[in-house]
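The values are calculated or read from the model by the stated rules, or taken from the named source; none is laboratory data. In this text the structure is predicted, and so the values were computed from the model without any measurement. Heads up, the Cβs are rebuilt from the backbone with ideal geometry, glycines too, and the neighbour counts pull from every protein chain shown. Just so you know, the surface numbers come from the protein's heavy atoms only, side chains and all, with ligands and any DNA or RNA stripped out. Shrake-Rupley method; radii C 1.70, N 1.55, O 1.52, S 1.80 Å.
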Amino acid sequence: MEGAAYEGGFVRAPVPKMVADFCQFLYRHIRERNINEVYVMYSHTFPHLSERFFKGVTWPTVESVLPLVDGDHVFGLLYKELYYRHLYASTKPTIEQRIDSWDNYRELFSVILSSNLNMLLPNLWLWDMVDEFVYQFQSFCQYRGKLSGKAPEEIEMLKKVANVWEPQAVIAFLNELVTRSAIREELAQPGATDNLFQTEGYGAMSNVRRMLGYFSLVGLLRVHSILGDYTTAMKSMAPLHPFLRKSLFTTKIPMSNITFFYYCGVAYTMMERYLDAAKCFNFILTYISKAKHQAKGAVYEQILKKNEQMYALLAISTALCPTANRLLDEAVTNTLREKYGEKVRSMQAGSSDTFEELFTYACPKFVSPAGPDFSNPGTNSNMEAFRTQLRAFMVVVEERKHLPALKQFLKLYTSIPTSKLAGLAEMDAGTLKQQLALLRQSTQVVTWRTGDPLSGEAVTAGDVEFTIEQQDGEEMVVVAEPKQKAVKGDFLVRHIARLEEIIRDLDSLPPPAAAPATVVAA
C-alpha cells in the first residue's frame with residue numbers, strides 16, 4: 001500500500017479519509033447515545049472498511065486515531081478492542097500484540113466495572129466483546145501450549161508473562177462482570193421471562209455493564225468447558241437455564257444462542273446426561289435451520305461449522321442413549337439420519353473408532369489450566385488437554401461397548417440362566433454381572449426438569465428391563481420389556497413454542513397499508 005508504514009513487523013496503513021470520518025462519526029454517535037447509528041457503523045461500516053482498506057493488514061494504531069476524537073480515553077479502549085479483533089481475524093498476532101490486547105481488555109473492563117457509565121453500545125458489540133475475550137484467551141493458551149518451533153526469545157518472554165491470559169484471571173473478570181451487573185438477581189425475579197429484554201437492554205440507563213454481565217454467563221460456561229470443568233460450567237450459567245428460550249432469543253444474536261447450547265450440550269455429554277444433551281442440540285439445530293440464512297460472511301461460516309459439530313455430538317448422544325431419538329423434531333431426525341445414519345449404526349454396534357472420530361471432530365479446543373513445561377520444549381500441553389478429555393469420554397464408551405449385543409441377547413428370552421448368558425456373550429461370570437449392572441444403570445438416565453441444570457430426576461430410558469433372581473437354585477436373568485410411553489409432554493411443548501414463534505413473527509409484521517378509497521363517478 002502506497003505510503004504505508006511498518007510497525008512491529010506488520011504493515012500499518014495510513015488513515016484514509018473514510019476511516020477518519022468513521023472514527024469521528026462513531027465517537028460522536030457514542031457520545032450522543034445514538035444507538036441505531038452506532039449499531040449500523042459497528043455491524044456494517046466497520047466490516048466494509050476492513051474489507052476495503054485493511055484486508056490482510058492492521059487498522060491504524062490508536063495513537064494515530066486519538067487526535068481525531070479529542071483524545072478520548074474510553075473511545076481509545078473501544079477502538080483498540082476493534083483493532084485487535086480485526087488483527088486476530090486477518091493476521092497472525094505476535095506475542096507482544098497478544099500481551100497488549102490482554103492489557104487493553106483489562107483496562108477496558110476495569111473502567112466499565114469502576115465507572116458510572118452513561119454509554120449505550122449495541123448488544124451485538126457487547127456479545128462480540130465477551131466472545132472475543134474468551135477466544136483470545138483460548139488462542140493464547142493454544143499458542144503457549146506448543147513450545148516446539150518457537151524462538152528462544154519467545155520462550156523467554158512466555159516465562160516472564162505467566163500472568164497474561166491466565167485462566168483464573170480471565171474467570172475473575174467474567175465473574176466480576178456478572179456480579180457487578182446483578183444479572184443473576186435480575187434473572188431470578190418473578191416475571192423476568194416476560195420483561196427482561198423486551199427493549200433488548202436499551203433504555204435510559206447504560207446497557208453496557210448489564211449486558212456484559214449477561215453475556216459473561218455464556219463466557220463462563222465456555223471457559224470452564226474448555227478447561228474440562230463441566231460441573232462448574234453448568235453452575236456458572238444456571239441463572240439462564242429457566243429462561244432458555246425467551247431471554248436468549250430476545251437478544252437476536254444468533255451466535256450467543258448457538259454458543260450457549262453447544263457448550264451446554266458438550267457439558268451434558270461429558271457428564272453422561274445424554275437426554276439433556278439431545279434436548280439442547282435438538283432445540284438449537286432447529287433454530288439454526290431458520291437463522292443461518294439470515295447470517296452473512298464469517299458469522300455464516302461459524303454457524304455452519306457449529307451446525308455440523310452439533311449433529312456429530314447428537315449422533316453420539318443417540319448412539320449412547322437411543323431413547324433420545326424420541327425427543328427430536330422430525331426435521332432434525334431426518335437430517336441426522338442423512339448425515340450420520342451409518343455412523344450411528346456403527347457406534348451402536350460397538351465401534352470405538354467411530355466414537356473417537358466424531359468426538360475429535362465435534363469437541364471444542366480444550367486448553368490446559370496449567371502453563372507449559374518449559375523444561376521440556378517438545379511437549380504439547382494442548383494435545384495433552386485434548387487427550388485427557390478424549391480418554392474420559394472413551395472410558396464411558398468402552399464400558400458400554402458390549403451393552404448393545406448383551407441387550408439383543410436379553411430381548412430373545414423372557415428368562416435365561418446367567419451361566420448360559422455368559423457363554424453367549426463370551427464373558428466370564430464376573431464380567432457379565434458388571435455389564436448387567438452397567439446396563440441397568442444406563443437405562444436410568446438423569447434428565448433436567450427443574451431450574452437447576454445440575455439437578456434432575458432418573459427416568460427410564462432403556463427398551464429392556466430385567467431382574468436377577470434365584471430360581472430352583474440357579475441364578476436367572478428375568479426379562480420384561482417395558483411398555484413404550486408416549487412422549488406427549490415434549491411434543492406439546494415443541495408445538496406450543498412453534499405457535500408462539502409464529503404469533504411473534506406475525507406481530508412483528510408491519511400493518512397492511514390501507515387500500516385507497518375508490519371514487520365512483522356519479
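For (1) in contact with an Asp or Glu (Cβ under 7 Å, 6 or more places away or on another chain); (2) open to solvent by 50 Å² or more (accessible area, probe 1.4 Å), each residue gets a yes or a no:
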{"site": "40", "(1), (2)": "no, yes"}
{"site": "46", "(1), (2)": "no, no"}
{"site": "82", "(1), (2)": "no, no"}
{"site": "86", "(1), (2)": "no, no"}
{"site": "89", "(1), (2)": "no, yes"}
{"site": "113", "(1), (2)": "yes, no"}
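For residues that are among the aliphatic types (A, V, I, L, M) and closer than 12 Å to residue 266 by Cα, scanning just segment 210-226, find the one that is surrounded by the fewest Cβ atoms within 10 Å (Cβ to Cβ).
226
Counting just the residues of segment 65-105 that are under 26 Å from residue 25 (Cα atoms) and among the aromatic types (Phe, Trp, Tyr), which one comes out farthest from the chain's Cα centre (by Cα)?
75
Each row is one residue, and each column tells you yes or no for (1) open to solvent by less than 40 Å² (accessible area, probe 1.4 Å); (2) touching a residue at least 24 places away in the same chain (Cβ under 8 Å); (3) in a helix (DSSP H, G or I).
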site: 355; (1), (2), (3): yes, yes, yes
site: 375; (1), (2), (3): no, no, no
site: 378; (1), (2), (3): no, yes, no
site: 387; (1), (2), (3): no, no, yes
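Within the bounds of segment 178-186, is there any residue that is crowded, with 19+ Cβ neighbours inside 10 Å, under 26 Å from the mean Cα position of the chain (by Cα) and modelled with pLDDT of 90 or more? Step through it out loud before you land on a result.
Taking segment 178-186 as the starting set, the residues that turn out to be crowded, with 19+ Cβ neighbours inside 10 Å are 178, 181, 183.
With the extra rule that they be under 26 Å from the mean Cα position of the chain (by Cα), the set shrinks to 178, 181, 183.
Those still in the list that are modelled with pLDDT of 90 or more too: 178, 181.
Yes - at least one qualifying residue is present in segment 178-186.
If you take the residues of segment 393-414 that are over 22 Å from residue 358 (Cβ atoms) and surrounded by 15 or more Cβ atoms within 10 Å (Cβ to Cβ), which of them is nearest to the chain's Cα centre (by Cα)?
It comes out as 406.
Are any residues in segment 17-38 surrounded by 15 or more Cβ atoms within 10 Å (Cβ to Cβ) and modelled with pLDDT under 90, and if so, which ones?
Matches in segment 17-38: 19 only.
Residue 161 versus (1) of a type in the set (A, V, I, L, M); (2) open to solvent by 20 Å² or more (accessible area, probe 1.4 Å); (3) farther than 30 Å from residue 374 by Cβ: which is the lone unmet condition?
(3)
Against the conditions (1) free of Cβ contacts under 8 Å to residues at least 24 places away in the same chain; (2) surrounded by fewer than 16 Cβ atoms within 10 Å (Cβ to Cβ), where does residue 360 fall short? Just the number, please.
(1)
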